[in-house]
Amino acid sequence: SGELDVASAGRGEDQTVPVPWAQIGLGAHYGVHDRVELGGRVWGFGFPNLAATFGGAIDAKLGVYKPLASESKWAVAPALSLGYQQILYADAPQHVFGGTVPVLFGYALGKHELVFGPRVGTFVSTSYGQETVVTVWPGANVGFAIATSDRFELFPELVLLYSPIQLNGESEADDRTGVGVLQLGLGANFKL
């Protein structure tokens, strides 16, 4: 799967600093029960001698409502993802630990599915010479599972997150108004 992230940090009135970033990931998920899915993901990308990132996460999803096709077109599944990411910039690694909890609502459209829902995440960021920073990120996502065959589907997804953090990288800043992140992803899922 691939992902394009665009972060926009607010600096006072009408000032934003957009920062684009792309990364590539690979994951595997397995249904351990009819309604329980466990898995993991790894990702990364970088430019030599400039900037790089890599990380991984473990995921779990619980299908609390998964109807028969004749009953309803809706499905509901809360999920949990716990991860670590290292960001390397100018030989100063930054370590980010965190987790997200989305509540996924699926609506069947024939063999395809529209997936959307709210989410909240919290992340702890630390680096040499920096105070540990804890942030909270509420947001939402929308995606569309396009089944091209019984075993393959494409999954474009849009995730929007926001944190009201007031930090300029080293200390609290009165002119920082928060950070918004827009993630555009394209996943390809193979069913074994």
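Where a number appears in this text, it was derived from the coordinates with a stated rule and is not lab data. Keep in mind it's a predicted model, so treat the numbers as computed, not measured. Positions of Cβ are backbone-derived with ideal geometry, glycine not excepted, and every protein chain shown enters the neighbour counts.
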Cα-based equivalent ellipsoid of region 33-85: semi-axis lengths in Å, sorted from largest, via gyration tensor: 36, 11, 8
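Just check region 117-162 against the gyration tensor rule for me: Cα atoms, a ≥ b ≥ c as the square roots of the eigenvalues, rounded for a/c under 1.5, and otherwise prolate or oblate depending on whether a/b exceeds b/c. Numbers along the way, then the final one.
Details: a/c = 5.02, a/b = 2.54, b/c = 1.98.
It is prolate, given that a/c is not under 1.5 and a/b is the larger ratio.
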Over region 49-192, what portion of Cα pair distances is larger than 21 Å, expressed as a whole percent? 54 percent
FRET efficiency estimate (nearest 0.05) - Cβ-Cβ, residue 128 to residue 72, R0 45 angstrom: 0.30
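Any idea what the relative contact order of region 45-192 is, in percent, if you count C-alpha pairs under 8 Å spaced at least 6 apart?
Working: 348 pairs, mean separation 21.3, N = 148.
Rounded, it is 14 percent for region 45-192.
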